[in-house]
Structure formats: C-alpha cells, structure tokens
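Below is one structure; the comments refer to it alone.
The values are calculated or read from the model by the stated rules, or taken from the named source; none is laboratory data. Remember, it's a predicted structure, so these values are computed and weren't measured experimentally. Positions of Cβ are generated from backbone atoms using ideal geometry, with glycine treated the same way; all protein chains shown enter the neighbour counts. Heads up: the accessible areas ignore ligands, DNA and RNA and are worked out on the full protein's heavy atoms, side chains in. Shrake-Rupley method; radii C 1.70, N 1.55, O 1.52, S 1.80 Å.
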Amino acid sequence: MRVGIPHLGNLYIPLKTLFRRLNVDYVVPPLNSRRTLSLGAKYSPEGLCIPFKLTMGNLIEAAELGADTLLMPGGYGICRLGYYVRIQEQVLRDLGHPATIVELGVSERKFLGFLEMVKKLSNNAPWTKIFAAFRFGLAKLNAIDRVERAVQKVRAVERDKGTANRLYARSLDALDEADDYRTLKKVEADYLAQLDAVPRNGRQPLIVGITGEFYVLLEPFSNLDLESELGKLGVEVHRTTFISEWTKFSLFFGFLGKSKKERIHQAAMPYLKRDIGGDGWESIGEKVLYARERYDGIIHLAPFTCMPEIVAQNIMPATREEIPVLTLLCDEQMGKPGMLTRLEAFVDLLERRRQKRDNKNNSGQAQSK
Amino acid sequence: MVKVGIPRALLYYRYHPMWQTFFTRLGAELVVSPPTTRATLLAGSARVVADTCLPVKVFLGHVIHLVNKCDFVFIPVLRSVRRRVYNCSKFLGLPDMTRAVIPECPPILEIEIDVNKGEDYLHQAIYELGRHFTPKKSLIKEAAQAAWEAHDDFRKVMHHAGVMLPEAMTGREGEIREASSNSSQAAIGLIGHPYLIHDEFINHRLIERLQATHSRVVTPEMVTPGELEVATARLGRDYWAYEEEVVGAGSYFLQGKVDGIIGIATFGCGPDSLMMDMVRREAARIKSVPFMSLTLEEHTADAGVLTRLEAFLDMIHRKKRKTLPCA
C-alpha cells in the first residue's frame, strides 16, 4: 500500500513527518504546477471550483507515481467539498488508475476519524507511537505557521524585495528535514532571527486583511501567490486562517480555536444568521471585525462559482462597517497581469484613503491646539 | 387580513400547495408573484454580483415584485429535510441575502427546517411561524397537519396519475389531455430541479416545444418516491437535498424507461455541477439511453436551445425507426 495526498499549502510537510515516523509508504505528488492544473481542469466537470480541479490534478499525479491509497477530505454539511470524493473516484477509475480514495470526514468524526485512519494506514502501529508522531507533526505545523507569519510582515517592508521569500523557501526545507524537537526549535529560532535581521526600507506598510474560502487562502498556487505580490507593493497581510488553525479547527472542533470562531460568528450575526456551509459565514464576520479593527482594506478570495462565497459577496456591501473590499475570484483562467492591475489599483485607493485620514487627523490636531 | 407574499420561484414549485393550505387556514391572504418574465430577471440580476446563479436572480426579481403588495414575504430556510442531507448554501442564506440586496423588502417570515435537530425543533419552528397569525397552538397544529396532507395529495396526484406539476398545483388535473401512449411517440425524460423544469421563462418553453413534436414528457415528479429512492441509491449515497430530482430520476430513466433524457441545469449551480456529471458519466458508461445536458444562463438564446433540441429529437426518432419493425 502506498499513500498519496493532495496539496494544501505547506500541509504536506507535517504529513510527511507523520508518515515517516510511522513507516507508512507514501508519495507526495509534485507541488502544484501548470501541469497539475491542466490535468485537473481536463478531467473535472467544467462547472467545478478550483479546489476540486487542483486536488484532482494532485490525485492523478500521485496515482502516476504509484500511490494506490489516496487521502481526501470529505463529509456532510459542508459545501460541495463533501461530494468531491464521489466524482474524483470515478475520474480515476475512468482513467484506469487502480487507486482507492480514503475519505477523511472533516465534519463529523474529526480527530477520532483521523486517528483511526492513521492507525489503519500505519498497519496497526501502537497508539503511543501514533500520538507521539501526531504531536511532533503538529509542532512542526505550528513552527511553519509562525515562520510564515513573520515572512508576511517582512515582505511588506524589506529593502530588497524577495529576501523574505528566499529565506522562507530555505526555512521550509530545513523544517521539513528537522527530525526532533530540539532541531525543530533551533531551525525555527534561527530563521526567525534571520527574518528579523532583514534590512527594512523604513516605510509604514498598509495593513490588509485577507479572508475568504480556505483552500484559495492557503494554497498560494491557486491565488497566483497573492501575498507575495502584495508584499512587493508594500502591503502587510493579515490572515486569520492558517493551516494550523484550520487543521485544529477541522480536527478538534470543540477543544481548540472555538472561541475565536465564535467571535467571528457573533460579528456576522446581524447580517447572516446561520452557517451556510464552506466559509461564507466567516467571511462576513471577518469583514466586520477587520473594519472595526481599522484595517486599511480587505481582500476577499473565493473560487469561481463558490456557493457560500457568492452569498457572502452579496451580503458584504450591506454591512454597516465600512472598509474597502476587493473580491478576487480564482480559477484556471485567472492571469497574473490582470490580477496585478487590480491589486495596484486597490492599493492606490487604500493609500489615498490613508493619506486623507492622516491629513484630517493632523488638521484636527492643529485646530485643537 | 394579513397578506403573505410568495415569490413564484425556487421552492415554490415544490411546496406551494403546502404553504397555501397553512397560511390560508391561519386566516392569511396569499399574494403570489406572476410567472417569470424578462423584467423579473432583469430586476433581480441588477441587485446581485454577476456570479449569482440564474434561479436566485429570478427569485429576487419575484421578491422585488412583491414589494408594497404584501405585509410579509415568506422565505423558508430548508437546511435539511432528511438526516445528514443538506441544501445548497444559496438556499441557506436566502433570507439574509434578500434583506441585504433588497432593503425595501417587506418583513421576511423565516422558518428554519433542519431535521437533524430533532422533532421538537421542527415543531417549535412551525409554532413560531404560526404565531405571527394566531396565538392558538391548536389552530397552528391543525393548519400544519392540513398543510402536510395537501402536500401529500399534491405529490400523489403527480406520481400516481402522471399529472404535470403546473396542472397538479392549480387543481386542473381533470382536464389533462388524453394520455395516448402511442409506441411511435418518443418519451423524453427531463431531469433537473422543478424551478427550472417548470419555469417556462428559464427553460425557453422546453416542455411546450417537446409536446409540439408529439413527444411524451416525463418529469421527476411523475416517478414514485420509492422508485426514485432505489434509483438514487444505485449511484451512491445521499448528499444533497433533492438529489433524487437529478441523480435519482436520471438513474431511473437510464434503465430504458424513456427514449431520451434531457438534463437541465443552470450555469454556476454547485450541486448540479456534480450531480449532472454523475448522470452523464453513468449514461456514457451504460449507453442505454441518449443523454443531453442543457446549461442555461441569462444569455442563453432561444435559437441555440432550439437547434440542440431539434438535433437531439432527430437522433431519437431515427433510432426509434430503426428499432421498430418495418411497417
């Protein structure tokens, strides 16, 4: 049995660790590429969203590398995602790949379901070993996210553009290789220090909140590396959804990270009273919170034809909390120049808005003197 | 008398007899918006982002029509009508979305149906809805029971007597044309949601056009729930509410029950993007009945639909002539 996984940002790194520690035979398909996307788009029903198409591409590429047991999230009561597996299985079958898909119920069994699956994949490894491997994987995930958070800050203000991204790429390799807690800690501290020492340009960055559907938020390939592009324009991005958060939330639900979610839901309440599947409820709540916390603007990311995000996009302008929002729809037709033009225009608007506010504050102070 | 507005769109096509009985029993007067026109669609689509699906745009157009014509607009939220089977996000967010994009909308009567939360929750929801009209619990209970019976009768008339939905809804089932089942007549199965199959504006008078070619049209409502359930199970587990209208009916028709199947979906529909594909794949695999899928959107033109329809029917007739013994 050889296990294959689809990609979601850096999630493959902790998963690799988990499999390595439990002696599971695995393949990580190549990182998302043009080929992945064209394979996915070619064999997916046309009306589907980019998360389906990219994961479809990943599964095909994993099957090509000999994976016969593919892991995919699924479940009930979430958006279309819960239904993916049914079609993806058929696509693989029609292509003649003898692989089976193991559905990971992110909506109901949560943590227990995941552990049971790991137990099966690891050929009945003892629970202590599974827990230890799981704990280490989680530590790695958290370390990766902390480095990423630092990178988001440095990108906006670095003197030589691209420095942070280079360090980030190297840090991921080093974190991937780290095989015990001590090395992990050391690698993390080392890269955080290096990022801290990157020469700055001394400008005050614009602060933009990023919200929307989790897959296009967390998989840079699907959003054409939006965060790096914003960094080049001198914008610092804030994102509530991190892979570690998402994993924790979808695996543990009630134990960790719930109060944070509840706060977001509370903020959305006056405009949308219930969970509508996917991340639509959260998108509206985050818009309200980002506006209250006086961010400069929001970028709302959604896959093209995403059902919950269309509802969110329609409701957002009716919220009383005012803040500029740019919605970017991601699909296989999206081109970088088009996205950059829109980003530049948006950033211009935010800058002018900030200047206006600063001028007002200054003249206000002058008058009060 | 309190006037309750009912937009003639989406769930109207499935539940109107039920709603009508419930509200009139409680002493309310119903105001149903007139059938969809181009103006309905334009009014609705002007309010929302372009990516919103066609049926929702049409729905909003109907709500706009009801502004100033009623005291309440009834927009139920059907989260789940069967255990662990959920509805599309757009249905779940409908009241909130309507409020956001049509600020002049009369107060919205909401009810959340979610059978996963148990029977008590359902009863409570019904009482809360009824309390807008009467404080008497017994009256509400009676109205709800009568509504349920009306719904049952409505479904039965369609799948037992083979009455088409519009006739069953208006109680005109007596005057249906003689059902001559001529063997040379082609039977066409339509699959899709009732708000597409029975909205003549959305589907470009598809049923009328089919009948004009002397085809016999069969819709998902004409298949009994038992048969649909068996057929749905053949293609996999339940996931979406109303999956039987697409996957179930498709899988049933594919067993040679009709001469051709037309799948109707709208562009950008989340559930249909997957469900129609299930049927299409199955049709391609077993090659029993020809299958055509029509994707409709705002810009679909009559001529395009007509051309595809003619080509499809030509093929079916040729196939039928071949299989019939020479006369």
Seminar exercise, completed: Share of Cα-Cα pairs in the protein assembly as shown beyond 42 Å, whole percent, is 34
For this session: Please report how far the C-alpha centroid of region B:1-58 lies from that of region A:1-57, rounded to the nearest whole angstrom.
Result: 43
Problem set entry | Residues whose placed amide H lies under 5 Å from that of B:I191, excluding near-sequence neighbours | B:I262, B:G263, B:I264
Problem set entry | Proximal aspartates and glutamates to B:K3, defined as alpha-carbon separation beneath 16 angstrom and excluding residues fewer than eight positions away on the same chain | B:E29, B:D71, B:E110
Exercise. Angle, helix B:54-66 long axis vs. longest principal axis of chain B, Cα atoms, 0 to 90°, nearest 10?
Worked result: 40
Exercise. Hey, what angle do you get for helix B:225-234 against the long axis of chain B, alpha-carbon based, 0 to 90 degrees rounded to 10?
Worked result: 70
Seminar exercise, completed: Summing -39500 (n - 2.57) over every DSSP H run of at least 4 residues in chain A and dividing by its residue count gives a helix-only mean residue ellipticity at 222 nm, to the nearest 500 deg cm²/dmol, of -18000 deg cm²/dmol
For this session: Provide the per-residue ³J(HN,Hα) series for region A:330-335, in order, calculated from phi with Karplus coefficients 6.51, -1.76, 1.60 and θ = phi - 60°, each as a whole number of Hz, with x at glycine and proline positions.
Result: 9, 7, 6, 8, 5, x
For this session: State, to one decimal in nm², a quarter of the convex hull surface area for the C-alpha atoms of region B:34-117, i.e. the direction-averaged projected area.
Result: 5.9
Exercise. Hey, what do the phi angles of region B:315-323 turn into as Karplus ³J(HN,Hα) couplings, whole Hz, using 6.51/-1.76/1.60 and θ = phi - 60°, x for Gly and Pro?
Worked result: 4, 5, 5, 5, 5, 5, 4, 5, 7
Seminar exercise, completed: One checks the Cα atoms of region A:203-363 and finds Rg and Dmax, in Å, of 15.8, 51
Seminar exercise, completed: So A:K129 and A:K161, fully extended at 0.36 nm per residue minus their Cα-Cα distance, gain in nm 7.2 nm
Exercise. Among B:S293, B:T224, A:L11, which residue has its Cα positioned farthest towards the positive end of the charge dipole of the protein assembly as shown, with +1 placed on the Cβ of Lys and Arg, -1 on the Cβ of Asp and Glu, and the dipole taken about the Cα centre?
Worked result: A:L11
Problem set entry | CD proxy at 222 nm, helix term only [per DSSP H run n ≥ 4: -39500 (n - 2.57); per residue of chain B; nearest 500] | -14500 deg cm²/dmol
Exercise. What number, in nm² with one decimal, is the all-direction average of the projected area of the convex hull of the alpha-carbon atoms of region B:177-323?
Worked result: 8.7
Exercise. Within a Cβ distance under 13 Å of A:A189, other residues only, what is the Lys/Arg minus Asp/Glu net charge?
Worked result: +1
Exercise. Using a simple charge model, +1 on the beta-carbon of Lys and Arg, -1 on the beta-carbon of Asp and Glu, nothing else, what dipole does chain A show about its Cα centre, in debye to the nearest 20?
Worked result: 1020
Exercise. Dipole size in debye (nearest 20) for the protein assembly as shown around its Cα centre, Lys and Arg Cβ +1, Asp and Glu Cβ -1?
Worked result: 1120
Problem set entry | Residues whose placed amide H lies under 5 Å from that of A:G278, excluding near-sequence neighbours | A:C79
Exercise. Lysines within cross-link reach of A:K120: Cα-Cα under 20 Å, excluding same-chain residues under 8 positions apart?
Worked result: A:K16, A:K110, A:K129
Seminar exercise, completed: Taking every C-alpha to C-alpha distance in chain A and binning by 20 Å from 0, the per-bin percentages run 27, 59, 14, 1
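Pull out the extension gain between A:R294 and A:R200, defined as 0.36 nm times the separation in residues minus the alpha carbon to alpha carbon distance; nm, one decimal.
Extra length available between A:R294 and A:R200 comes to 31.4 nm.
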For this session: Between beta-carbons, use under 13 Å as the cut-off and find the net charge around A:L95, counting Lys and Arg +1, Asp and Glu -1.
Result: -1
Exercise. Mind listing the phi-derived Karplus ³J(HN,Hα) values for region B:190-203, rounded to whole Hz, using 6.51, -1.76 and 1.60 with θ = phi - 60°, and x for any glycine or proline?
Worked result: 9, 10, x, 6, x, 6, 9, 5, 10, 9, 4, 5, 4, 9
Seminar exercise, completed: In whole percent, the fraction of accessible protein surface over region B:3-157 that belongs to carbon or sulfur atoms, probe radius 1.4 Å, stands at 52
Exercise. Can you tell which of B:E104, B:E229, B:E243 shows the greatest fluctuation in a Gaussian network model of chain B with Cα springs below 10 Å?
Worked result: B:E104
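Can you list, largest first and rounded to whole Å, the semi-axes you get for region A:177-235 by taking the square root of 5 times each eigenvalue of its Cα gyration tensor?
26, 20, 9
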Exercise. In Å and whole numbers, how far do the C-alpha atoms of region A:154-206 stretch along each principal axis, longest first?
Worked result: 39, 17, 15
Exercise. For region B:24-158, with only Lys/Arg (+1) and Asp/Glu (-1) charged at the beta-carbon, what is the dipole magnitude about the Cα centre, in debye rounded to 20?
Worked result: 260
Exercise. Which links in B:K257/B:K322; A:K119/A:K260; A:K273/A:K356; A:K232/A:K356; A:K42/B:K319 stretch past 27 Å when you go from one Cα to the other?
Worked result: A:K119/A:K260; A:K273/A:K356; A:K42/B:K319
Exercise. Roughly to the nearest percent, how much of the accessible area of region A:3-126 is carbon and sulfur, given a 1.4 Å probe?
Worked result: 54
For this session: Quick one: among A:R203, A:R357, A:R34, which has the greatest mean-square fluctuation in a GNM of chain A with alpha-carbon springs under 10 angstrom?
Result: A:R357
Exercise. Which three lengths, in whole Å and largest first, does region A:104-174 cover when its Cα atoms are put on their principal axes?
Worked result: 51, 26, 15
Problem set entry | Amide proton proximity set for B:K3, modelled H, under 5 Å, gap of 5+ | B:E29, B:D71, B:F72
Problem set entry | Candidate aspartates and glutamates - alpha carbon under 18 Å from B:K156, same-chain residues fewer than 8 apart omitted | B:E167, B:E173, B:E175, B:E221, B:E227, B:E229, B:E244, B:E245
Problem set entry | Average accessible surface area per residue within the protein assembly as shown, 1.4 Å rolling probe, Å² | 44
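Give me the percent of accessible area attributable to carbon and sulfur for region A:269-349, probe 1.4 angstrom.
Values: 1550 of 2970 Å².
The value for region A:269-349 is 52 percent carbon and sulfur by accessible area.
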Problem set entry | Volume of the Cα convex hull of region B:3-157, divided per residue and given in Å³ | 115
Exercise. Using a 1.4 Å probe on protein heavy atoms only, how many Å² of accessible area do A and B hide from each other, summed over both chains and rounded to 100?
Worked result: 3500
